[in-house]
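A.B. asks: This is the structure I want to talk about, given as structure tokens.
The values are calculated or read from the model by the stated rules, or taken from the named source; none is laboratory data. Everything numeric here is computed off the predicted structure, so don't read it as measured data. Methodologically, a virtual Cβ is constructed for each residue, glycine included, from the backbone with ideal geometry; neighbour enumeration extends over all protein chains shown.
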Amino acid sequence: MSDKEKIISSQSSSDEYISKVTFKKKIINHSANEIKKLNNQTASDSSSKENTSIELNIFNEEKKKFFNCKKICVRTAHLLLVLFVTGNLFFQNTKLRDALIQRDYVYLFCFVSLTYSSLLFFFLTCFKNPGYVEKQQVECRRNFQNDGLPNIKLRFCTYCHLEQPIRSRHCEECRRCVNKFDHHCPWLETCIGEKNHKYFWLFVGTTNILICWCIEITWSSFVSYSKWSTWLLKNLLFLFDAQVLVISFFLTLSLFLIHTYFMITNTTTWEKFSRKNITYLKILKNESNNPFHQSYLKNVYLFLFGPRDNTWENVYAAFFKSNLKESNMSNNNSENEVQVKIEKTKH
Ligand SMILES: [Zn+2]
Ligand SMILES: [Zn+2]
């Protein structure tokens with residue numbers, strides 16, 4: 001190779017080198033720009049996430065305030081309604097007023113104590129913890145699940161961040177998971193669950209008896225007039241009382257009967273009416289099967305005095321084991337019957 005050729009080749013290689021370097025620089029610049037863009041994007045994403053979480057918090061706070069306000073209004077309305085109806089019976093010309101004038105203390109004591117118990121059970125249901133699910137309790141129950149329970153996927157509550165135990169459900173208004181969830185009562189503005197179900201039943205029962213008594217007093221207090229317009233004017237307050245009382249009578253009576261049935265059979269409103277949506281009940285072949293029913297007396301005892309150590313996972317596992325035994329027994333019996341039939345045909 002001549003000197004000229006050598007110079008040309010070296011020049012060409014250096015040009016190639018320069019072009020490669022510039023190309024690499026371009027790539028580096030481009031990737032740096034991309035990274036900058038991505039960084040900007042992630043920053044904007046995180047800021048938008050922060051914004052949405054702040055908005056959610058504000059929304060939750062507003063929701064909380066609304067529910068708290070609703071609670072106060074509904075409970076005050078109940079208290080005022082009870083005081084108005086019973087007060088009306090005290091101050092008008094009624095049997096109750098006669099008892100007050102004649103100093104019939106037994107009659108008065110019975111009426112006042114019944115009103116007091118109705119209000120007491122109302123407020124006990126409202127202010128008692130309905131049985132909110134605690135994280136420690138979930139850990140305890142998970143151990144039971146490994147021992148005997150069939151493979152059921154327990155629901156995970158994303159709001160409370162816990163695995164929901166059997167018979168529990170998340171209440172959107174109370175914003176908590178409730179053990180042995182029955183329903184969220186709009187009149188008491190609280191959940192009815194494992195720990196306050198008995199107070200609710202007692203409230204409905206005592207209120208129903210009180211309403212019956214009030215209807216009897218109101219009915220006997222109507223004053224007859226020849227002109228219907230004067231009759232209407234003179235009996236206006238009694239008419240209002242009668243309307244409220246008759247509606248409340250049917251409502252409380254139906255609730256009392258339904259919840260007495262739930263108490264005796266160990267079921268809940270949610271389990272009764274949403275059976276197809278509940279995983280641990282869906283898998284049972286027989287729809288009339290209630291895995292939590294033990295004996296009627298024990299059901300009533302558990303309802304009134306609480307489940308204590310008797311966790312529902314245990315009861316459910318025991319039901320499954322006994323069912324498996326029964327199905328095995330029936331299978332064995334049918335096999336024996338088949339064998340006997342075969343032997344008979346052989347003879
Ligand atoms: Zn929850
Ligand atoms: Zn609730």
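A.B. asks: Quick one: what pairs do we get from the stretch 119-143, first residue at positive phi, second at pLDDT 90 or above and assigned to a helix (DSSP H, G or I), C-beta under 9 Å, 6+ apart or different chains?
C.D. replies: Gly131/His197
A.B. asks: What residue, among those in the stretch 202-215 that are under 29 Å from Phe292 (Cβ atoms) and surrounded by 23 or more Cβ atoms within 10 Å (Cβ to Cβ), is farthest from the chain's Cα centre (by Cα)?
C.D. replies: The residue in question is Thr207.
A.B. asks: Determine which member of the set Thr218, Thr252 is within 18 Å of His78 (Cα to Cα), modelled with pLDDT of 85 or more and among the hydroxyl-bearing types (Ser, Thr, Tyr). I'd like the intermediate steps shown before the answer.
C.D. replies: Working: Thr218 fails: within 18 Å of His78 (Cα to Cα).
Result: Thr252 is the single residue among Thr218, Thr252 that is within 18 Å of His78 (Cα to Cα), modelled with pLDDT of 85 or more and among the hydroxyl-bearing types (Ser, Thr, Tyr).
A.B. asks: I'm trying to understand the selection: among the residues of the stretch 200-217, which are farther than 23 Å from Pro186 by Cα and in contact with a helix residue (DSSP H, G or I) (Cβ under 6 Å, 6 or more places away or on another chain)?
C.D. replies: Residues satisfying the conditions are Cys214, Ile215, Ile217.
A.B. asks: Next up: Given the conditions (1) in contact with a helix residue (DSSP H, G or I) (Cβ under 7 Å, 6 or more places away or on another chain); (2) within 14 Å of Asn179 (Cβ to Cβ); (3) of a type in the set (A, V, I, L, M, F, W, C), which single one is not true for Val315?
C.D. replies: (1)
A.B. asks: Could you check the stretch 205-324 for helices (runs of 4 or more DSSP H) lying wholly inside it with 3 or more residues that are in contact (Cβ under 8 Å) with a residue 60 or more places away in the chain, out of contact with any Pro (no Cβ under 7 Å at 6 or more places or on another chain) and under 21 Å from Ser118 (Cα atoms)? Spell out how you get there, then give the answer.
C.D. replies: Values: elements: 228-234, 236-265, 269-273, 279-282, 296-305.
Those helices (runs of 4 or more DSSP H) span 236-265.
A.B. asks: Restricting to the stretch 151-187, count the residues that are at pLDDT 90 or above, surrounded by 21 or more Cβ atoms within 10 Å (Cβ to Cβ) and more than 9 Å from ligand 2 (Cβ to nearest atom).
C.D. replies: Within the stretch 151-187, residues that are at pLDDT 90 or above, surrounded by 21 or more Cβ atoms within 10 Å (Cβ to Cβ) and more than 9 Å from ligand 2 (Cβ to nearest atom) number 7.
A.B. asks: Ok, one more. When the residues of the stretch 188-201 are filtered to those that are among the aromatic types (Phe, Trp, Tyr) and in contact with a His (Cβ under 8 Å, 6 or more places away or on another chain), which remaining residue is surrounded by the fewest Cβ atoms within 10 Å (Cβ to Cβ)?
C.D. replies: Trp201
A.B. asks: Take the residues in the stretch 123-150 that are more than 19 Å from Ile278 (Cβ to Cβ) and modelled with pLDDT of 90 or more, then tell me which one is surrounded by the most Cβ atoms within 10 Å (Cβ to Cβ).
C.D. replies: Per the stated criteria, the residue is Thr125.
A.B. asks: Continuing with this model, one more query. Being in contact with a Phe, Trp or Tyr (Cβ under 6 Å, 6 or more places away or on another chain) and closer than 30 Å to Cys212 by Cβ is the filter here; which residues of the stretch 269-312 pass it?
C.D. replies: Within the stretch 269-312, just Trp270 meets the criteria.
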